[in-house]
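The next block holds one structure in the form of structure tokens; read it before the comments.
The values are calculated or read from the model by the stated rules, or taken from the named source; none is laboratory data. These numbers were taken from a predicted model, which means no experiment stands behind them. Positions of Cβ are backbone-derived with ideal geometry, glycine not excepted, and every protein chain shown enters the neighbour counts. All accessible areas refer to the heavy atoms of the entire protein, side chains included, with ligands and DNA or RNA removed. Shrake-Rupley method; radii C 1.70, N 1.55, O 1.52, S 1.80 Å.
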Amino acid sequence: MSAVLFYILSAMLILFSLKVVTTKNLFHSVMAAFAVLLSTAGIFFLLNAEFLGIVEILVYAGAVTILVLFVVMLTTAGPQYRITWEGTPKMWTVIFAVLFGGMLGFVVLSIDWPTARPAALTDVTRTLAMRLFTEYLLPFEVASILLLAALVGAIVLARRD
Amino acid sequence: MGITLSQVLILAAAMFSIGLYGALTRKSVVIVVMCVELMFNAVNLNLVAFSFFTGLSALRGQVFAVFVMVVSACELGLCMAIAILLYRNRATIEVDRINMMKW
């Protein structure tokens, strides 16, 4: 059951990722990215990461996509309005990406990974919170300062003065 | 028969390569940043898969994935601010027409 779901989600992931990088329309590209992020969240659910799946839907599929769509609409309006971009796929980038992916796949397949799966945790979110607020408390606080700095920086950069 | 670790790793590798291709080819800053997010997502997928399949220490991979998400959200917010600034100053966000820093 979960294997079938995984294959369906993987196919969606790959197809929509290809759509993101090949379509000429900016808006379609962002919408395909939205679908990619939703299927990633689905795979997170299958891999016993409910909290991360929900965060993926809220933060990535929700906030990030809307932010990017706002920027697309703001930067394609105006005198030279055009929503399409001519992409000229250069041969060397295709070759580079295929070689890179092949290398990664070769490495993955040449290692025999442990097949025995540990028993699935039942209270993932609780355990994650315990880890985050005890063992990883300092990185957590540093991450919040980083978010604050990025917020202030984005406002300072984008405001009109 | 369920999911195996190498299947998830292959999927993440494919996703990373597609994101890499997009980041190298696309002209719009917005899509380049979206492709970088795709690559971040592939990395997160790897971390979650390792956390699921090798129970070395419970959920350490998921904690790392949380931090990767925080950093990539910061990066994306700043990139979007820079894109708006570029559009205001240069009236374009095509990466090959933004060449004022070329030596």
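Short-range pairs are left out: with C-alpha atoms under 8 Å and at least six residues apart, the relative contact order of segment B:6-67 is 31 percent.
With the helix formula -39500 (n - 2.57) applied to DSSP H stretches of n ≥ 4, the protein assembly as shown reaches a computed 222 nm mean residue ellipticity of -24500 deg cm²/dmol.
Summing both sides, the accessible surface hidden between B and A at a 1.4 Å probe radius is close to 6900 Å².
Taking every residue in B:85-97 and counting other chain Cβ atoms within 10 Å of its Cβ, the average works out to 2.
When only alpha carbons are used to place a centre, segment A:25-63 and segment B:21-100 end up 13 Å from one another. Estimated at 0.36 nm per residue, the fully extended path between residue B:71 and residue B:91 surpasses their Cα-Cα distance by 4.4 nm.
Largest GNM mean-square fluctuation among A:68, A:36, A:98, using chain A with Cα springs under 10 Å: A:98. Counting every alpha-carbon pair across segment A:8-79, the share separated by more than 18 Å comes to 44%. Note on residue B:94: accessible area is roughly 10 Å² with a 1.4 Å probe, heavy atoms of protein only. Over chain B, with the other protein chains present, what is the accessible area per residue in square angstrom, probe 1.4 angstrom? Here the residues of chain B average 39 Å² of exposed surface. When each full DSSP H helix of chain A is screened for a Cα extent of at least 27 Å along its own axis and an average Kyte-Doolittle hydropathy of at least 0.5, the helices passing are A:2-22, A:26-46, A:91-110, A:137-158.
Ellipsoid semi-axes for chain B, based on the Cα gyration tensor and the rule √(5λ), read 34, 15, 8 Å when sorted largest first. Mean per-residue shielding of peptide B:35-42 is 5, counting Cβ atoms of other chains within 10 Å of each Cβ. Measure off, as a whole percent, the carbon and sulfur share of the 1.4 Å-probe accessible area of chain A, all protein chains present. Carbon with sulfur: 77 percent of the solvent-accessible area.
Relative contact order of segment A:2-112, taken over Cα pairs closer than 8 Å and 6 or more residues apart, is 24 percent. What would the Debye formula give as log10 I(q)/I(0) at q = 0.22 Å⁻¹ for the alpha-carbon point model of segment A:117-161, no solvent? Log10 I(q)/I(0), no solvent term: -0.78.
Rounded to the nearest whole Hz, the Karplus-based 3J(HN,Hα) values (6.51 cos²θ - 1.76 cosθ + 1.60, θ = phi - 60°) of segment A:48-55 follow the sequence 6, 10, 4, 4, 5, x, 5, 4, with x at glycine and proline. Solvent exposure of chain A, expressed per residue, is 60 Å² of accessible area, with all protein chains present and a 1.4 angstrom probe. On a 0 to 90 degree scale, rounded to 10, what angle separates helix B:5-25 from the longest Cα axis of chain B? With rounding to tens, the tilt is 0 degrees.
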